[in-house]
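Since every read-out is calculated from the coordinates, none of them should be taken as a lab result. What you see is a predicted model; the values in this text were computed from it and never measured. In this analysis, Cβ positions are derived from the backbone assuming ideal geometry, glycine residues included, and neighbour counts consider all displayed protein chains.
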Amino acid sequence: MNIAAARVAVIGSGISGAVCASTLARYGVSVALFESARGPGGRMSQRRERTEDGEELLFDHGAPFFTVTKTEVLSLVQEWESRGLVAEWKGQFGSFDFHSKKFIDMEQEGLSKRFVGVPGMNSICKALCSENGVESKFGASIGKFEWLDDDNLWTVMGLDEQNLGRFKGIVTSDKNIASPRITEVTGRLPPLDLNLVPELSAKLHNIPVRPCFAVMLAFAEPLSSIPAKGFSIKNSQVLSWAHCDSSKPGRSTMSERWVLHSTAEYAENIIAQTGLKKPSDTTLKKVADELFQEFQSSGLNIPQPIFKKAHRWGSAFPAASIAPEEKCLWDGSKRVAICGDFCVSPNVEGAISSGLAAASKFKDILCSL
Ligand SMILES: Cc1cc2nc3c(=O)[nH]c(=O)nc-3n(C[C@H](O)[C@H](O)[C@H](O)COP(=O)(O)OP(=O)(O)OC[C@H]3O[C@@H](n4cnc5c(N)ncnc54)[C@H](O)[C@@H]3O)c2cc1C
């Protein structure tokens, strides 16, 4: 299969786009998937870094894990588990209170199952994007969709309006696809002109988001004073979460790697000072230092790291669910589906449900594809 023969274009290789693309392919629809980043995963990506000594460090710097409550999602996750793409992350989890500098609410082991991709959070999307029937193109940012009324088809274009193919249907999985936020950040118009899908327009116009900074740390020695593999942080203005990334199944344990997440308020405050554009190295260094200092001030006996770097997630979490019942938006007349966590709930499970729902809309019209 090549892209010229594909019938449906899926934009985005995060978990919602990847699930949608692979499900469509199982229905027998040939799919072209376009992703602007160099690799798959979106907010389930894995970051590759190096220490000054040249040691390779891999970090799950987006979603650290996910949980599942819905049956239809669980059966898919169990299939991934049987293929070795997913495993349970076992160990102690809890909460740390910054006021008392003590762990509170240590969770009973095994109470709720935390799933992680193996060997990285991106493994699931990576596998789904290369399934039979899915042709994936990375480093391919979609800049514009054009509706061809006479042909009853979509043309999908790159950032310089280069033609990337004609498709019977499109699925987009990013909340900014029609958002004025894109113009604020890049100076370009959003790819999807809402006049083409007037019925979806009101819901899609401007979805609120909450940002987060992640700081990746590596230590020469294990942080043996910390009794938990991952913990939420209460009563800190700066930190909301910390986890030991190298404690997950299938990871290298050459060095001990931790990831810290900022509070949304801290990230919003930094963005208010620096703007929405890509943060400078100076800003990222300041954030890495501030989050690490807060971690050290926990009294948990944290040594100096051998590696420290911050990443900004400008739209880490949608702050609204725009299609909690339908789980995706759908325009049947032009065969456009919009999916993603922002349709259902701000987590991996919500994104999976939404990707499945978007694929099922096309199932109903397979004969016209
Ligand atoms: C720091 C952090 C912590 C989190 N913690 C958790 C957690 O503990 N548990 C949990 O369940 N969830 C967590 N989440 C949320 C979870 O990661 C998301 O809900 C989920 O990954 C969203 O998947 P998605 O497919 O909807 O979107 P995304 O993963 O954002 O995928 C959208 C994709 O579209 C691509 N794209 C966008 N525009 C274009 C374009 N024009 N052309 C081509 N490609 C484009 C993007 O590059 C991206 O890859 C966390 C997220 C973050 C950032």
Can you give the angle from 0 to 90° between the axis of helix 264-274 and the longest principal axis of the chain, with both taken from C-alpha atoms, to the nearest 10? 80
Please identify, among GLY355, GLY120, GLY275, the residue showing maximal mean-square fluctuation in a Gaussian network model of the chain using a 10 angstrom Cα cutoff. GLY275
Once you place label points 7 Å from the Cα toward the Cβ at MET106 and SER297, how far apart are they in nm? 2.6
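Between GLU81 and LYS286, what FRET efficiency comes out of the Förster formula 1/(1 + (r/R0)^6) with R0 = 51 Å and r the beta carbon distance, rounded to 0.05?
On the way: r = 40 Å, r/R0 = 0.79.
So, using R0 = 51 Å, E works out to roughly 0.80.
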For the pair ARG166 and ARG188, the simple spin-label estimate (label points 7 Å beyond Cα toward Cβ) gives in nm 2.3
Rounded tilt (10° steps) of 15-26 against the dominant C-alpha axis of the chain: 40
Name the residues whose placed amide hydrogens come within less than 5 Å of the amide hydrogen of LEU159, ignoring near sequence neighbours (fewer than 5 apart) on the same chain. SER141, GLY143
Output ³J(HN,Hα) for the range 153-165: one whole-Hz value per residue in order, computed from phi by the Karplus curve 6.51 cos²θ - 1.76 cosθ + 1.60 with θ = phi - 60°, and x for Gly and Pro. 9, 9, 9, 9, 10, x, 5, 9, 6, 5, 6, 9, x
How fast does the chain diffuse by Stokes-Einstein, in µm²/s, taking the Kirkwood radius from C-alpha pairs at 4 °C and 1.567 mPa s? 61
Among 89-100, 167-178, the order from most to least packed when residues are scored by Cβ within 10 Å on average: 167-178, 89-100
Amide H of PHE96 versus every other amide H placed in the peptide plane: which residues, excluding those fewer than 5 positions away on the same chain, fall under 5 Å? ILE104, SER232, ILE233, LYS234
Test of understanding: what is the full-extension gain from ASN235 to ASN269, defined as 0.36 nm times their sequence separation minus their Cα-Cα distance? 10.5 nm
So which of LYS70/LYS327; LYS175/LYS203; LYS70/LYS90 end up more than 18 Å apart by C-alpha? LYS70/LYS90
For the range 30-37, take each phi angle, set θ = phi - 60°, evaluate the Karplus expression 6.51 cos²θ - 1.76 cosθ + 1.60, and give the result in whole Hz per residue in order, putting x for glycine and proline. 7, 10, 10, 10, 10, 10, 6, 6
Solitary cysteines of the chain, where the nearest other Cys Cβ is not under 4.7 Å: CYS20, CYS125, CYS129, CYS212, CYS244, CYS343, CYS367
For the residues TYR266, TYR27, what sequence is obtained by ranking on other C-beta atoms within 10 Å, fewest first? TYR27, TYR266
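Using a Förster distance of 22 Å, how high is the FRET efficiency between LYS70 and ALA202, based on the Cβ-Cβ distance and rounded to 0.05?
About 0.20, to the nearest 0.05.
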Hey, in the GNM for the chain with a 10 angstrom Cα cutoff, which one of SER13, SER232, SER123 fluctuates hardest? SER232
By Cβ neighbour count within 10 Å, fewest first, CYS212, CYS339 rank CYS212, CYS339
For GLY340, the residues 5 or more places away or on another chain with a placed amide H closer than 5 Å to its own amide H are SER354, GLY355
From the phi angles alone, apply the Karplus equation (6.51, -1.76, 1.60; θ = phi - 60°) to the range 74-89 and give each ³J(HN,Hα) in whole Hz, x where the residue is Gly or Pro. 4, 5, 5, 5, 5, 5, 5, 5, 5, 8, x, 8, 9, 9, 7, 9
R0 = 41 Å: FRET efficiency of LYS278 with ILE365, Cβ-based, nearest 0.05? 0.55
